[in-house]
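*Asks:* The structure under discussion is supplied below as structure tokens; questions concerning it will follow.
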Amino acid sequence: MQDVTQLLVAWSDGNKAALDELMRLVYQELRRLARRRLGRERPDHSLQSAGLVNEAYLRLVDQQRVHWQNRAHFYAIAAQMMRRILVDHARAGHVAKRGGEAIKVPLDEGIAMSAERASELVAIDEALDRLAHLDPRKSQVVELRFFGGLSNEETATVLKISANTVMRDWNTAKAWLYRELDRGNKGFKP
């Protein structure tokens with residue numbers, strides 16, 4: 001853990017070699033998080049864990065203004081990026097469904113996400129944005145748990161709160177999201 005924090009600080013200070021070493025250390029953990037998140041998707045989802053991690057990596061490399069605090073901060077940002085990638089992917093599928101340009105996906109990436117599942121993901125993202133306006137911490141808990149695949153303990157570390165608080169926030173946020181999404185007849189499967 002200390003090595004990751006030191007590499008993040010070095011990367012923040014402009015050391016590009018630190019980024020390569022950092023990714024060597026965190027790549028498997030990012031793959032694990034991506035597999036956990038994609039495990040909740042349909043088996044024919046067009047993104048695979050390696051693709052999700054690679055896209056998140058590319059977005060992380062572009063971060064210029066982040067002052068990395070520690071390992072937990074890094075994983076929180078990575079979880080947020082994975083959320084955005086999945087939602088962007090779902091929205092792009094909606095565009096294609098409505099006659100927009102087809103998405104070019106390598107053959108090894110599988111079949112496109114179903115329109116129903118894509119619309120659920122977009123609805124969850126929109127509801128999560130509404131929750132963020134009401135209670136930012138609960139929104140962060142959902143983002144880290146649902147999109148980042150973090151456990152209660154990992155989420156507690158990132159947010160610097162107790163695991164019990166994470167569990168209470170998670171349960172409250174799920175109930176709020178169920179009710180919110182039920183209004184639009186969308187399912188939420190945490």
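*Asks:* Go through region 49-63 and count every residue that is at pLDDT below 75 and more than 22 Å from N15 (Cβ to Cβ).
*Replies:* Of the residues in region 49-63, 0 are at pLDDT below 75 and more than 22 Å from N15 (Cβ to Cβ).
*Asks:* Now a separate question. Considering only helices (runs of 4 or more DSSP H) fully contained in region 66-176, which possess at least 1 residues that are closer than 23 Å to V9 by Cα, over 17 Å from the mean Cα position of the chain (by Cα) and at pLDDT 85 or above? Let's see the steps before the verdict.
*Replies:* On the way: elements: 71-97, 115-134, 136-142, 152-159.
Here the list is empty.
The values are calculated or read from the model by the stated rules, or taken from the named source; none is laboratory data. It should be emphasised that the depicted structure is a prediction, and the values quoted were computed from it without experimental measurement. Because the Cβ atoms are built from the backbone with ideal geometry, glycine has one as well, and the counts that use them run over all protein chains shown.
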